[in-house]
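K.L.:
There's a structure below that I have some questions on.
The values are calculated or read from the model by the stated rules, or taken from the named source; none is laboratory data. What you see is a predicted model, and the numbers here were worked out from it, not measured in a lab. Cβ placement follows ideal geometry from the backbone for every residue including glycine, while neighbour counts extend to all protein chains displayed. Just the protein is used for accessible areas: all its heavy atoms, side chains included, with ligands, DNA and RNA removed. Shrake-Rupley method; radii C 1.70, N 1.55, O 1.52, S 1.80 Å.
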Amino acid sequence: MRLDKFLCDCRLGTRSQVKKDIKAGLVTVNDVKVLKPEQHIDEHTDCIHYKGQQCVYEEFVYYMLHKPSGLVSATEDKHEQTVIDLFSQEGRDDLFPVGRLDKDAEGLLLITNDGALAHALLSPAKHVEKEYECHLAKSFDNIQKSQLEQGVDIGEKAMTKPAVVHILDEKRITLTIIEGKFHQVKRMLYAVGNEVVYLKRLRMGTLTLDQELPKGSYRRLTEEETENLRKC
Ligand code: URA
């Protein structure tokens, strides 16, 4: 990869900052000063020093984002702001959201560049749980609850898999599902005669939205959170 990208991935500054630093002679590759930001290096075998300190390359990064409504869950979009636009400071160009939350939905979104972990978490065969808080247009009752618990017809080939429902109050529930069909939660509530007016993802597998994380902010996952996700 390019030397300037490598330094960004090591969190040593934005692309323009690290380019300046390279040109200023602050970077060595295998003890030789390199002045060209575009020079290619091997991140696994080359020994790179920045201002005299050896750089530690992180191949994979993991962030918990508290998605606000109004952003689309995509890496880029011609017309809309995306969740990845929030990560421009990170200087990485390989981040993507693991799964999707609707534009009007909020809550937990895992952002990473680890394709294998994302694939595992999204695989239908893995049945990774997704828990949502739903605010509803109409009163929710035990008939709707048991329908969701048994599985409902949302127009797919099969009924939805049994969900776990907790009633919070008359018009608020939490719903845990193990599938990830397009607009699944909204379609499930519609199928039982209700309507979702607010949707927030609280959990994906073992990863729970940090209550301290303000909407629109993100933080690195801890080692423990990442390890637990790998076991999902
Ligand atoms: N189900 C939905 O309807 N929307 C989401 O964003 C996620 C699950």
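K.L.:
What whole-number value in cubic angstrom gives the convex hull volume per residue for the C-alpha atoms of segment 7-66?
P.N.:
Expressed per residue, the convex hull around the Cα atoms of segment 7-66 is 92 Å³.
K.L.:
Moving on to the next point. What does the charge dipole of the chain about its Cα centre add up to, to the nearest 20 debye, if the Cβ of each Lys and Arg holds +1 and the Cβ of each Asp and Glu holds -1?
P.N.:
The dipole magnitude comes to about 340 debye.
K.L.:
Which value in nm describes the separation of the simple spin-label points at residue 149 and residue 77, placed 7 Å from the Cα toward the beta carbon?
P.N.:
Result: 3.7 nm between the two label points.
K.L.:
How much of the DSSP beta bridge set in the chain is antiparallel, as a percent to the nearest 5?
P.N.:
Bridges in the chain are about 95 percent antiparallel.
K.L.:
With a 1.4 Å probe and all protein chains left in place, how much of the accessible area of the chain comes from carbon and sulfur atoms, in whole percent?
P.N.:
Roughly 49 percent of what the probe reaches on the chain is carbon or sulfur.
K.L.:
Here is a follow-up. For the chain, with the dipole built from +1 on Lys and Arg beta-carbon atoms and -1 on Asp and Glu ones, taken about the Cα centre, which of 115, 160, 140 lies farthest toward the positive end?
P.N.:
140
K.L.:
Using the Cα gyration tensor of segment 56-99, with a ≥ b ≥ c the square roots of its eigenvalues, what is the shape: rounded (a/c below 1.5), prolate (a/b larger than b/c) or oblate (neither)?
P.N.:
Since a/c reaches 1.5 and a/b is larger than b/c, the shape of segment 56-99 is classed as prolate.
K.L.:
When a/c reaches 1.5 or more, the comparison of a/b and b/c decides; with that in mind, is segment 29-163 rounded, prolate or oblate per its Cα gyration tensor?
P.N.:
Since a/c reaches 1.5 and a/b is larger than b/c, the shape of segment 29-163 is classed as prolate.
K.L.:
Treating cross-link reach as a plain straight distance, find the aspartates and glutamates whose alpha-carbon is under 14 Å from the alpha-carbon of residue 215, omitting any fewer than eight places away in the same chain.
P.N.:
Correct list for residue 215: 104, 106.
K.L.:
When every alpha-carbon pair in segment 1-105 is counted, what percent end up more than 16 Å apart?
P.N.:
60 percent
K.L.:
Here's something else I'd like to know. Taking 0.36 nm per intervening residue step and subtracting the Cα-Cα distance, what contour gain separates residue 59 from residue 24 on full extension?
P.N.:
Roughly 10.0 nm would be gained on extension.
K.L.:
Starting from the Cα of residue 190, step 7 Å along the direction of its Cβ; do the same at residue 211; then give the gap between the two resulting points in nm.
P.N.:
3.4 nm
K.L.:
Go ahead and estimate [θ] at 222 nm for the chain from helices alone: -39,500 (n - 2.57) per DSSP H run with n ≥ 4, summed, over the residue count, rounded to 500.
P.N.:
One gets -5500 deg cm²/dmol as the mean residue ellipticity at 222 nm.
K.L.:
Further question on the same structure: Let's test the formula: R0 of 25 Å, r as the Cβ-Cβ distance of residue 1 and residue 220. What FRET efficiency results, to the nearest 0.05?
P.N.:
0.70
K.L.:
With θ taken as phi - 60° and the coefficients 6.51, -1.76 and 1.60, list the Karplus ³J(HN,Hα) couplings across segment 93-105 in order, rounded to whole Hz; mark glycine and proline as x.
P.N.:
10, 10, 7, 8, x, 8, x, 10, 10, 4, 4, 8, 8
K.L.:
As an exercise, find the ratio Rg/Rh for the chain from alpha-carbon atoms, using the Kirkwood inverse-distance average for Rh.
P.N.:
Ratio of gyration radius to Kirkwood radius: 1.10.
K.L.:
Right, here's the next one. Skip the ligands, DNA and RNA, and give the accessible area per residue of segment 51-178 with a 1.4 Å probe, whole Å².
P.N.:
52 Å²
K.L.:
Using Cα centres only, tell me the gap between segment 95-149 and segment 2-35 in whole Å.
P.N.:
After rounding, the separation between the Cα centres reads 39 Å.
K.L.:
Also, quick follow-up: Check each of the GluC sites (Glu not before Pro) in segment 60-163 and keep only those in coil by DSSP with at most 10 other C-beta atoms within 10 angstrom; list them in order.
P.N.:
Answer by residue number: 76.
K.L.:
If R₀ is 25 angstrom, what is the calculated FRET efficiency for the pair residue 138 and residue 179, using the beta carbon separation as r and rounding to 0.05?
P.N.:
According to the calculation, E is roughly 0.55.
K.L.:
For segment 182-232, which trypsin sites (Lys or Arg not before Pro) pass both filters: DSSP loop (anything but H, G, I, E, B) and at most 11 other C-beta atoms within 10 Å?
P.N.:
231
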